[in-house]
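For reference, the structure is listed below as structure tokens.
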């Protein structure tokens, strides 16, 4: 049986995939942009109420393709917009951080982090 944390991340991934995004709830061995990688946020879990309700923080790493700066910027902004539109009603957007160069396997990709929170029951 899958634990509630893993299940919540998988269900969240499924929502993003249904919206047409390539999303993984783990760090893939090979990054093929555009992609949304779902990482654990900080703090990872916080008690939401007395009982078994928690807030699960997730960091979505949005990775745009390699291109000229102008095109990569537009691709990243398109990916941000698509991701925000795909967020389900049970996800609370906390912030979109400034873009940065993500270095993977000697290649740099324009990326940004989107921080969201989900309410889960454990």
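Bear in mind that the values in this text are calculations on the coordinates, not laboratory data. What you see is a predicted model, and the numbers here were worked out from it, not measured in a lab. So basically every Cβ, Gly included, is an ideal-geometry build from the backbone, and we count neighbours across all protein chains shown.
A few comments on the model shown:
- Length-normalised contact order for the chain - Cα pairs under 8 Å, 6+ apart - percent: 27 percent
- For the range 1-26 versus the range 81-122, the inter-centroid distance based on Cα atoms is 13 Å.
- Hydrodynamic radius by Kirkwood, which averages 1/r over all alpha carbon pairs of the chain, in angstrom: 14.9 Å
- Figure legend: label point modelled 7 angstrom from the Cα of residue 108 along Cα→Cβ; residues of the range 58-89 with amide N under 11 Å from it are 69.
- Added length on full extension, which subtracts the Cα-Cα distance from 0.36 nm per residue, residue 24 to residue 40: 4.5 nm
- Listed residues 27, 35, 80, most fluctuating in the chain (Gaussian network, C-alpha, under 10 Å): 27
- Pairwise inverse Cα distances across the range 1-73, averaged and inverted, put the Kirkwood hydrodynamic radius at 13.9 Å.
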